[in-house]
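Asks: Submitted below is the structure of interest, expressed as structure tokens.
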Amino acid sequence: MPTFPVETSPGVSALPVLSVEEALDEPTLLHSGASLEEVSAIRQCAAWTTTFPLQRVRKRRRVEAICPMLAPSLMARGLVFSSLSMGEREPDLDRLDEVLREAADVFDRKIDCVDSRLKCLVLILPGVRGARLLEATTPERSIKNELLRRGILVGEFFPTCPFATTFNPRLFALRSPAPMYVLRTFLESDWRFICQIPSWQKTYRERFGEPPEKLRHLGGPLWRLKQKLVWRIDALKRRFLLRKEETGLPGS
């Protein structure tokens, strides 16, 4: 069991790497030096990550798991967890960039999986305001594209995440028990997640070429028109989320 580091300024210390079993073992986590808040966040996020995405749901004409990649990743032992207590609710965005780079190094060097497509690192950030994770990875900032160029797709999860799945507007599959980044291998099928941002499109094409034919309409003129409406709705959701967190309403 790795011991939990204490971050020292100005850098970020080495992140612990936990197997699924270790992340679910609360007594051992406590003996490793993690705080009560961190132990609770790790255990809850590990329990949620290894069960909720396995639920089978209808996706248009088929029924499958919310995340069809999770079961193979679990079988291949490609899913690992890490955690960092940053000591503040609103970390500096450049500091979050460094944390993500550290996590990317862990992803590249410390996950031993026979199939690189099944590698996944869940980085839990207890106590950080959830929406801050989104602020760090907005298209206007470079960190998300930097990791895409390294072959890593980053997703933002937190309890009040306002974004629903593309296949069900009532399913909020990114609402994890605590704020966390999920890093996984950037795949050809991920065009649907990056096609709305020109710089991300460029990175995709440099890596994979043109997207699969069934996905090529995504990012086109009609699709962009529809997305403008979606973006406006998402902006309103983010404003409401920020207001809720600032006022301390339930669920923030």
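The values are calculated or read from the model by the stated rules, or taken from the named source; none is laboratory data. Since this is a predicted model, take the numbers as computed values, not measurements. Backbone-built Cβ (ideal geometry, glycine too); neighbour counts: all protein chains shown.
Asks: Restricting the search to segment 55-74, which residues are outside any loop (DSSP other than H, G, I, E, B) and more than 17 Å from GLU21 (Cβ to Cβ)?
Replies: ARG56, VAL57, ARG58, LYS59, ARG62, VAL63, GLU64, ALA65, PRO72
Asks: Further, regarding this structure: What are the residue pairs meeting all of these: first residue in segment 16-45, first residue farther than 20 Å from ILE111 by Cα and among the polar types (S, T, N, Q), second residue at pLDDT 90 or above and in a helix (DSSP H, G or I), Cβ atoms under 7 Å, and 6 or more apart or on different chains?
Replies: So the pair list comes out as THR28/GLU22.
Asks: Continuing with this model, one more query. What's the number of the only condition in (1) at pLDDT below 95; (2) out of contact with any strand residue (DSSP E or B) (no Cβ under 9 Å at 6 or more places or on another chain); (3) part of a helix (DSSP H, G or I) that ASP97 fails to meet?
Replies: All conditions pass for ASP97, except number (1).
Asks: Can you find even one residue in segment 194-209 that is of a type in the set (S, T, N, Q), under 30 Å from SER83 (Cβ atoms), over 18 Å from the mean Cα position of the chain (by Cα) and crowded, with 16+ Cβ neighbours inside 10 Å?
Replies: Checked against the condition, which is being of a type in the set (S, T, N, Q), under 30 Å from SER83 (Cβ atoms), over 18 Å from the mean Cα position of the chain (by Cα) and crowded, with 16+ Cβ neighbours inside 10 Å, segment 194-209 yields at least one hit.
Asks: Can you name every residue in segment 68-125 that is more than 26 Å from SER189 (Cα to Cα) and of a type in the set (A, V, I, L, M)?
Replies: Once the filter is applied, which keeps residues that are more than 26 Å from SER189 (Cα to Cα) and of a type in the set (A, V, I, L, M), segment 68-125 yields LEU84, MET86, LEU93, LEU96, VAL99, LEU125.
Asks: Ok, one more. Out of LEU29, LEU54, LEU15, which single residue is more than 30 Å from ARG170 (Cα to Cα) and under 17 Å from the mean Cα position of the chain (by Cα)?
Replies: Only one candidate passes the filter, namely LEU15.
Asks: Now a separate question. Against the conditions (1) surrounded by fewer than 20 Cβ atoms within 10 Å (Cβ to Cβ); (2) out of contact with any Gly (no Cβ under 6 Å at 6 or more places or on another chain), where does CYS113 fall short? Just the number, please.
Replies: If we test CYS113 against (1) surrounded by fewer than 20 Cβ atoms within 10 Å (Cβ to Cβ); (2) out of contact with any Gly (no Cβ under 6 Å at 6 or more places or on another chain), just (2) comes out false.
Asks: Filter segment 167-194 down to residues that are free of Cβ contacts under 8 Å to residues at least 60 places away in the same chain and closer than 25 Å to ASP115 by Cβ, then give me how many there are.
Replies: Final tally of qualifying residues: 9.
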